[in-house]
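**Q** This is the structure I have questions about; it appears just below.
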Amino acid sequence: MRNNSDNYREDFDVENIFLVSDKDFIDDRVEIPFTQHTTSSALVIALLTLGLFIAQTTYLNVVKGGTFEEISLGNSENVEYVDAPRGIIKDRFGEEIVGNKTGFDLVIYGSKLPKTNDEFNGVVNKISELTGMTKDVVRIFMKNAQEKQIREAVLIHNMDTQKALVFQSITLPGVRARERYMRDYLYPEALASVTGYVGLVNEADLKKGKDIQNDDYVGRAGIEQYYEMMLRGERGKRIIKRDGQAGEGVTILPPKQGNDVTLTIDGGLQRYMYERLQEARRTLHTDGAVGVVLDVRNGEIRSLVSLPGYDPSWFLDSAHEAQINEAFQSRLHPLFNRAISGTYSPGSTIKPMMAFAALREGVITPTTIVAGHEGVLVVQNPYHADQPSLFRDWKIHGDLDVRNAIAESGNIFFYTVGGGAYGIKGLGATKIKHYWELFRLGEKTGVDLPQEVSGFLPSPEWKEKTSKTAWRVGDTYNISIGQGDLLLTPIQIMRYISAIANKGFAVQPHIVKNSTRETLIPLETLQDSETQWFDVVHGGMKAAVSSPHGTAHLLSEIPVSIAAKTGSAQINWNTKTNALFVGFAPADKSEIAILILIENAQSALLNAVPVAKDVLAWYNTNRGFQKE
């Protein structure tokens with residue numbers, strides 16, 4: 001055989017393929033050229049084949065397209081999500097306070113809406129007629145769902161039940177009144193500061209939330225927000241499979257309800273506290289109020305009320321848009337939980353801590369007497385002798401020891417032990433701040449509610465840094481009676497009072513029952529022998545109730561021993577007064593502590609103490625204190 005590489009010509013021209021003559025040979029084989037007739041026949045056949053292919057394609061897509069689309073749809077799978085109920089919220093006795101009820105959403109299915117203008121407009125007109133919505137609003141919403149092929153778009157959330165039943169009785173393509181679970185707040189305003197509310201998801205929720213749909217509701221405040229992952233259920237699915245031959249089949253994956261949550265809240269006490277504080281606000285025409293009852297044995301919050309309040313059910317649909325807007329714009333901030341997010345000067349409720357610090361540091365003894373000085377402490381001005389600084393008491397007291405100073409809330413006594421005067425050195429600002437921190441003031445308590453804040457503890461270093469002015473003895477006098485720049489939340493004050501009641505052991509405030517929580521938390525560096533100073537403080541707080549001169553003597557009518565301290569904190573450059581009351585009972589075997597705070601009131605004696613008396617009396621009658 002000859003080598004092929006010797007016989008192939010590099011300049012072979014494809015255009016000459018049909019010009020080979022009968023004399024041309026390659027590898028001893030004769031190449032026979034096509035005739036003109038053969039070439040023409042092949043071309044005709046090719047053109048006919050191409051034409052038939054184009055005709056068949058046109059026929060299948062245009063003429064029979066609808067038929068095949070129907071067959072395709074007949075072999076399809078459609079998934080509808082089935083709403084899952086959230087977990088039930090119960091009070092400490094198992095009473096349901098937040099449950100679920102059946103509601104309806106008007107849902108638009110974008111891919112199922114009519115394709116023709118007449119049918120589309122007919123659906124628009126019918127929805128407008130039945131709901132009262134304008135045609136333009138409905139049309140725009142439907143067009144968007146159709147063009148974007150949105151599987152399920154909710155036009156109306158939580159729609160009126162009667163209207164929903166009308167939609168269920170008629171057939172509108174691409175429109176359905178779909179049942180869903182809605183929150184049912186059984187005592188809405190009384191428990192709003194605890195339960196919070198749920199609202200529709202937003203873009204931020206959809207980005208961070210796993211398995212969240214665009215028509216879901218999520219917790220926005222309170223327990224609903226803090227325990228969202230526990231309360232939220234898992235959606236089910238309704239899978240509709242269509243087969244052109246076997247027909248339609250439905251597979252249902254049932255939803256899973258969220259976990260129930262049992263609170264430490266006493267529902268009856270909570271409702272009474274709410275009504276009593278509401279009455280006080282109406283009578284006094286005040287801005288806001290706070291009421292907290294804390295179990296000092298384990299940190300369980302029995303009641304927590306923040307006023308003004310709101311109705312959580314407002315946020316379930318757009319029918320309450322006016323109320324929602326008013327709540328967000330109100331100067332009184334009803335959505336703001338004052339108990340954990342509000343910061344206040346504690347006023348004289350800080351004096352039990354000041355007394356303990358002064359006794360422990362040896363500034364005074366239980367028998368030290370401080371003169372009343374006719375209700376005015378005079379501090380000489382080293383630069384202008386004729387312009388001394390005057391620090392006044394709220395009334396003229398006589399000579400007081402520490403127990404009576406607590407009972408009668410003598411300011412001169414605590415000015416003296418705090419900042420020093422008349423031969424008594426005083427604790428000084430740095431040491432006072434140390435005791436604030438010892439009692440864990442100015443830091444979050446870790447209560448299981450969202451948006452808790454820290455408060456603020458002033459210091460000489462802070463003042464010099466921020467205002468470029470020196471800290472003066474007058475600043476120390478002010479913080480010694482809970483005034484000045486000291487700011488605490490009510491829940492912080494309650495934790496501090498629990499440490500006073502438990503003689504050196506604070507509790508972790510919490511609102512959901514949890515057996516794993518630490519019960520009593522010892523204050524750092526305190527020794528067992530130092531309970532003697534707590535005994536002295538307790539004596540003064542009990543005298544505030546038992547003594548005719550005590551600021552909480554009104555409580556002596558309740559047949560149980562109570563330890564108490566009142567406070568009146570001046571705010572807004574002394575133009576307004578917040579009235580405070582703190583106490584615990586029974587005094588010698590403490591069960592609960594209570595705080596009442598009324599904003600912009602007259603005085604603790606006139607405003608806060610009567611509310612505390614009624615709440616404690618209700619508790620004694622309806623729950624009963626343990627025997628001392």
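**Q** Going down the list K395/K542; K395/K627; K444/K503, which pairs span over 27 Å between their C-alpha atoms?
**A** K395/K627
**Q** Net charge around P610, counting only other residues with Cβ within less than 15 Å of its Cβ (Lys, Arg = +1; Asp, Glu = -1)?
**A** 0
**Q** Once you wrap a convex hull around the alpha carbon atoms of the chain, what is its projected area averaged over all directions, in nm²?
**A** For the chain, the mean projected area of the Cα convex hull comes to 54.0 nm².
**Q** Within a Cβ distance under 12 Å of G268, other residues only, what is the Lys/Arg minus Asp/Glu net charge?
**A** Here the count lands on 0.
**Q** If you wrap a convex hull around the alpha carbons of region 78-262, what volume per residue comes out, as a whole number of Å³?
**A** 148 Å³
**Q** Which order, highest average first, do 486-492, 600-606, 556-562 follow once you tally other Cβ atoms within 10 Å for each residue and take the mean per peptide?
**A** Answer by packing, highest mean first, reads 486-492, 600-606, 556-562.
**Q** As a test, work out the antiparallel percent of DSSP beta bridges whose residues both lie in the chain, rounded to the nearest 5. Walk me through the numbers before you get to the answer.
**A** Working: 79 of 82 bridges.
In the chain, DSSP labels about 95 percent of beta bridges as antiparallel.
**Q** Still on this structure: Return the long-range amide H neighbours of G288 (sequence gap of 5 or more, or a different chain), with a cut-off of under 5 Å between placed amide H atoms.
**A** E599
**Q** Round to a whole angstrom and tell me the spacing of the C-alpha centers of region 370-402 and region 97-174.
**A** 74 Å
**Q** How many percent of the alpha carbon pairs in region 267-622 exceed a separation of 30 Å?
**A** 35 percent
**Q** Using Cα-Cα distances under 8 Å and only pairs 6 or more residues apart, what relative contact order does the chain have, in percent?
**A** Here the relative contact order equals 13 percent.
**Q** How far is the Cα center of region 439-491 from the Cα center of region 272-309, in Å?
**A** Region 439-491 and region 272-309 have Cα centres spaced 24 Å from each other.
**Q** What net charge do the residues around V98 carry, taking every other residue with its C-beta under 12 Å from that of V98, with Lys and Arg at +1 and Asp and Glu at -1?
**A** Within the 12 Å Cβ shell, the charges total -2.
Values in this text are rule-based calculations from the coordinates and carry no lab data. For clarity, every value in this text was computed on a predicted model and none was experimentally measured. Because the Cβ atoms are built from the backbone with ideal geometry, glycine has one as well, and the counts that use them run over all protein chains shown.
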